[in-house]
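Have a look at the structure below before the remarks.
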Amino acid sequence: MRDGIRLATDLYLPEPRTNRYPVILARTPYNKNGLLGLAGDCIKRGYALAVQDVRGRYESEGENLPFYTDRNDGADTTAWIVQQPWSNGRVGTYGGSAGAITQMQLASSGTPHLDCLHLTVGAPSQYHDLAYSGGVLRKSLVEDWIRITKFQSNALPNWVAHPTYDTFWKERDAALRYRQVNAPAVHVGGYWDIFAQGTIDAFQGYQIHGGRRARGQQKLIMGPWTHGVFQDKAGELKFANAKRPPGGVHDSWRWFDRWLKGITNGIDRLPAVTYYVIGDTADPSAPGNVWRTADSWPPVVTVEERWYLHPDRSLSSAKPTSTPIGGKSETEGDPMRLSFNYDPQNPTPTVGGIQLTIPAGPMDQAAREARSDVLVFTSESLVTPTEFTGRVRAKLWVMSDAPDTDFFVTLCDVYPDGKSYNLCEGRLRMRFRESFEREKRMRPGKAYPVDIDLWSTSVIFNRGHRLRVQISSCSFPGFDPNPNTGDGFRENSRTQVARNTVLMDRNHPSYISLPKAISGKAH
């Protein structure tokens, strides 16, 4: 590398070795020796393969820290590859999860020596997509992954020491460098994947803001999957025909043949977006549970539909009509608000969702919704099927008697049998309500408007189903419990119980914003 560090790289070359070949590069923190199966396929198809242990991992030199130098190391590696006598100068990259993140870092370097990428369940922003979500540390994901992957001892302390979106994170944020990307890419993700929104964001970033060879040359596949894609089961639900998207845009070999060998196979002319529309999994005749294609994301025309929270725990399109006692929502005993106590020593549990090392995906929320520290708002049964496709957001008015706390919001589909399945979720650490770059404590008893991002989904709520919104202040062990003191959470640190409140009057309406589809066609 440019600083003299040597990265262990194995080469697999077809015969005759005197020829020049297009090269597939896979950079991994998970041991290059685990990619022998890929080597056989590459050789059989006429590709050279370079597999590399990233810096500090296995046989490579350097510090064993996650993603610290992948932008430069990836660029240096591709520059080396194109100079070798067995390379014809064309390079494509391949990998999933951490292997997709290393690709995004490489692409963000602006290297001219990159002809295509195949990205499965990756994310561009290490702060927003990986380590922190809504300013909340992704506790089980980060701690378990760093421990299981055996990074050096200061890896976790380094991440925890940077709770704000500061220079440390910006230097490694590929989402800030979409214009540097100059190659076609396939982006594969799942609605319950840990990087669901990051996958969509990278697709849009490359497709709209990328370099000349990237713009308009991206493909996105979104399925009903967790981190393990191309499955028909996620969490407690099984989805029809979910294993194999139509059209073959996910076929990495067709992708490499097109961009590394110049074979006209039509994959570049397939629709830009292939996505699954979630439906009622218990009713074979229900709408949804189909694949569709589109030219962009969001894939259908939508209108914002607001579903308001009401003090009787209902959820409806009707706006609040009442004003609080005395015209203020901060008064104790106000009927236009609901409150709950959040105790960090008795944290609200994680039940499914966007997890990696603990159970993930859609799961019945009965145990969680029965707790006193979870507010549950439910609509009437739908008379007709209704589709929502795109970004989901919660706009709330909240307050607390603590200087800092969290608010978690989950959108659920309630089946006729009463089971409530989580679709998408979001959260916000209140000291980051104005900016993730700087912290600002709350003033106890003051009402604040907040905008919570629940990421994206595509779902048809069937006739007889109900919409449900959960609001809580914790999801443990998936996320770091806020101690409510304004300080970072540490073992044996001081905590306090927070009395948290959601306001729901005419002056302080709280609602979930849903992208209602007004057009769309099944594939």
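The values are calculated or read from the model by the stated rules, or taken from the named source; none is laboratory data. Given the structure is predicted, the values throughout are model-derived calculations rather than measurements. FYI the Cβ positions are ideal-geometry reconstructions off the backbone, even for glycines, and counts take in every protein chain you see. Heavy atoms of the whole protein, side chains included, go into the accessibility calculation; ligands, DNA and RNA do not. Shrake-Rupley method; radii C 1.70, N 1.55, O 1.52, S 1.80 Å.
Residue count for the stretch 167-188, restricted to those that are touching an Asp or Glu at 6+ places or on another chain (Cβ under 7 Å) and open to solvent by 10 Å² or more (accessible area, probe 1.4 Å): 1.
Residues are listed down the side, and each one gets a yes or a no for (1) surrounded by fewer than 22 Cβ atoms within 10 Å (Cβ to Cβ); (2) in contact with an Asp or Glu (Cβ under 7 Å, 6 or more places away or on another chain); (3) farther than 16 Å from P362 by Cβ; (4) touching a residue at least 12 places away in the same chain (Cβ under 8 Å):
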{"site": "Y191", "(1), (2), (3), (4)": "no, no, no, yes"}
{"site": "G198", "(1), (2), (3), (4)": "no, yes, yes, yes"}
{"site": "G211", "(1), (2), (3), (4)": "yes, no, yes, yes"}
{"site": "I221", "(1), (2), (3), (4)": "no, no, yes, yes"}
{"site": "A234", "(1), (2), (3), (4)": "no, no, no, yes"}
{"site": "P246", "(1), (2), (3), (4)": "yes, no, yes, yes"}
{"site": "Y275", "(1), (2), (3), (4)": "no, no, yes, yes"}
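Quick grid of which residues meet (1) of a type in the set (G, A, S); (2) under 23 Å from the mean Cα position of the chain (by Cα); (3) more than 30 Å from G288 (Cα to Cα):
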site	(1), (2), (3)
R337	no, no, yes
G353	yes, yes, no
S381	yes, no, no
S400	yes, no, yes
V409	no, yes, no
Y415	no, no, no
N422	no, yes, no
R429	no, yes, yes
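Considering (1) over 18 Å from P299 (Cβ atoms); (2) surrounded by fewer than 16 Cβ atoms within 10 Å (Cβ to Cβ); (3) out of contact with any Lys or Arg (no Cβ under 8 Å at 6 or more places or on another chain); (4) not β-branched (V, I, T), the lone condition that G216 does not fulfil carries the number (1).
Of all the strands (runs of 3 or more DSSP E) wholly in the stretch 31-132, which have at least 2 residues that are open to solvent by 10 Å² or more (accessible area, probe 1.4 Å) and within 30 Å of N19 (Cα to Cα)?
Working: elements: 48-53, 87-96, 116-120.
Filter on the stretch 31-132 gives 87-96.
From the list T323, T405, T410, T389, pick out the single residue that is more than 18 Å from I452 (Cα to Cα) and of a type in the set (S, T, Y). Every option except T323 fails the conditions. Number of residues in the stretch 424-450 that are open to solvent by 30 Å² or more (accessible area, probe 1.4 Å) and closer than 20 Å to H310 by Cβ equals 1. Taking each residue of the stretch 249-261 that is touching a residue at least 24 places away in the same chain (Cβ under 8 Å) and looking for partners that are open to solvent by 50 Å² or more (accessible area, probe 1.4 Å) and part of a helix (DSSP H, G or I) with beta-carbon atoms closer than 9 Å, six or more apart or interchain, yields W253/D41. Within the stretch 14-30, the set of residues being surrounded by 20 or more Cβ atoms within 10 Å (Cβ to Cβ) and part of a loop (DSSP other than H, G, I, E, B) comprises just one member, P29. Only strands (runs of 3 or more DSSP E) whose full extent lies in the stretch 282-401 are considered here, and the ones with at least 1 residues that are in contact with a helix residue (DSSP H, G or I) (Cβ under 8 Å, 6 or more places away or on another chain) and touching a residue at least 12 places away in the same chain (Cβ under 8 Å) are 290-294, 375-378, 386-400.
Of all residues in the stretch 364-423, those being among the small types (G, A, S) and open to solvent by 20 Å² or more (accessible area, probe 1.4 Å) number 6.
Considering each of V301, V376 in turn, give the residue that is β-branched (V, I, T) and under 25 Å from R429 (Cβ atoms). Quick ask: steps written out before the conclusion?
Numbers: V301 fails: under 25 Å from R429 (Cβ atoms).
Exactly one of V301, V376 is β-branched (V, I, T) and under 25 Å from R429 (Cβ atoms), namely V376.
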